[in-house]
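> Encoded as structure tokens, here's the structure I'll be asking about.
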Amino acid sequence: MNAADAAPVASAMRAGWHRWLWLSLAVIVLDFASKQAMLVTFRPGEAMPILPVFSLVLAFNPGAAFSFLAGASGWQRWVFAGIAVAASAVIVWLLRRGGSRLHCAGLALILGGALGNLWDRLTIGEVVDFLLFHWREWSYPAFNVADSAITLGAALLILDSFRARRPDPKER
């Protein structure tokens, strides 16, 4: 592909950037629906074993990943909300720039997850978590659909970073 052919392709990729927002919206809807189902079905701390290594449990996290700053006095709610808003703006900017499907899917998943958890912070002051993996006395911190989307999105971005790239015709 020469430079004349590359410009229309890059422009077309950027022109369809908004289609990735449907993936973000799907994450937000699935996250919201699953959290609402947990809130109306479970009491805080109530658990329902599904498998010997997996349970549903209603938990609340006022902090960030792995309950980081969960014990703070409440200021962390607004700091993490601000980080989510700033990250979302950067992600939308990156989506508008285009990229490979893996790259854009990863960004869209992270965006949906960030906005899903932002909704919780703004409406109830903490994030609803309910997926719990455990083994005997050990358990991984509870998480939710938004957290899963963020993790999957980050994995896609990492995978995309290892893919071979065609040299940019401008750099020749």
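The values are calculated or read from the model by the stated rules, or taken from the named source; none is laboratory data. All figures in this text were calculated on a predicted structure; none of them were measured in a lab. Backbone-built Cβ (ideal geometry, glycine too); neighbour counts: all protein chains shown. When the accessible area is computed, the model is the full protein with side chains, heavy atoms only, and any ligands, DNA or RNA have been set aside. Shrake-Rupley method; radii C 1.70, N 1.55, O 1.52, S 1.80 Å.
> Given a 1.4 Å probe and the protein chains all in place, what does the accessible area of Thr41 round to, in Å² to the nearest 10?
It works out to around 90 Å².
> State, to one decimal in nm, how far the label point of His18 lies from the label point of Trp135, with both points 7 Å from Cα in the Cβ direction.
Taking the two extended label points, one gets 4.8 nm.
> Does segment 86-137 classify as rounded, prolate or oblate by the C-alpha gyration tensor (a ≥ b ≥ c root eigenvalues; a/c under 1.5 gives rounded; else a/b over b/c gives prolate, otherwise oblate)?
Taking the square roots of the gyration eigenvalues as a ≥ b ≥ c, segment 86-137 is oblate.
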